[in-house]
Amino acid sequence: MRRLFARAWILAAAAGLCAPAAATATPAADPCAEPTTPPVVLVHDIASDAGAWDELAADLGTAGRCILAITWGAPEPAHVPVPFAGLRGVDAGARDLAAALAGAGTVDVVAHGVGGLVVQRYLQDHGSRSVRSLTTLGPIWDGTEIGGLAAAEEVSRRIGTYDLV
């Protein structure tokens, strides 16, 4: 009998913990409804999409920032059936960014990898009046080193085998 009572008590307690929140709970304010600071625009790297920013977007949203995570360079589904974007090039990405920012006002931008080049191209084409700040993560302003290939190229040039390949 004690076991039955203990199980019933545990189930009742668990039901209380899992019960939905009361309908009178105040919904969280939407930071994009009336932003007190410029929205944060998140620009992903190549072969990625806006979902790459989900964790950062959640953290910034919790901190009260309005987030605009954009997807740039998505191929037309009929042309390339892949589940990610960042494939159409920097110029196309800059056009996608311009379309996403149309009417957004002043923004703070965070860009990763090639997304930094997309933003740079956007700034060259559209000016910087709407961008208050730009933060780049892993920018490739001076090229990139993929798997040591640049070092291998240099060694190949020094020993005279580069032009043979």
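The values are calculated or read from the model by the stated rules, or taken from the named source; none is laboratory data. Bear in mind that the values here come from a model prediction, so they are computed numbers and not experimental data. Reconstructed Cβ throughout: ideal geometry from the backbone, glycine too, with neighbour counts over all protein chains shown.
Among the residues of the stretch 145-165, just one is in a loop (DSSP other than H, G, I, E, B), modelled with pLDDT of 70 or more and either on the phi > 0 side of the Ramachandran plot or of a type in the set (Asp, Glu) (or both), namely 160. Filtered by the rule that a residue be within 16 Å of residue 38 (Cβ to Cβ) and basic (Lys, Arg), the stretch 120-135 gives 129, 132. The criterion of being under 18 Å from the mean Cα position of the chain (by Cα), at pLDDT below 95, assigned to a loop (DSSP other than H, G, I, E, B) and among the small types (Gly, Ala, Ser) does not hold for residue 78.
Of all residues in the stretch 109-132, those satisfying the criterion of being hydrophobic (A, V, I, L, M, F, W, C) and in contact with a strand residue (DSSP E or B) (Cβ under 7 Å, 6 or more places away or on another chain) are 109, 110, 111, 118, 119, 123, 131. Of the residues making up the stretch 91-139, just one is modelled with pLDDT under 90 and crowded, with 16+ Cβ neighbours inside 10 Å, namely 139. For residue 98, the stated conditions do not hold, so it cannot be described as in contact with a strand residue (DSSP E or B) (Cβ under 9 Å, 6 or more places away or on another chain) and in contact (Cβ under 8 Å) with a residue 24 or more places away in the chain.
Checking residue 53 against (1) modelled with pLDDT of 80 or more; (2) over 21 Å from residue 32 (Cα atoms); (3) aromatic (Phe, Trp, Tyr), only one condition comes out false. Which one? Result: residue 53 fails condition (2) only.
Of the residues examined, residue 104 is not one that is outside any helix (DSSP H, G or I), under 19 Å from residue 53 (Cβ atoms) and under 15 Å from the mean Cα position of the chain (by Cα).
Of all residues in the stretch 12-50, which are modelled with pLDDT under 85 and not in a loop (DSSP other than H, G, I, E, B)? Of everything in the stretch 12-50, those that are modelled with pLDDT under 85 and not in a loop (DSSP other than H, G, I, E, B) turn out to be 12, 13, 14, 15, 16, 17, 18.
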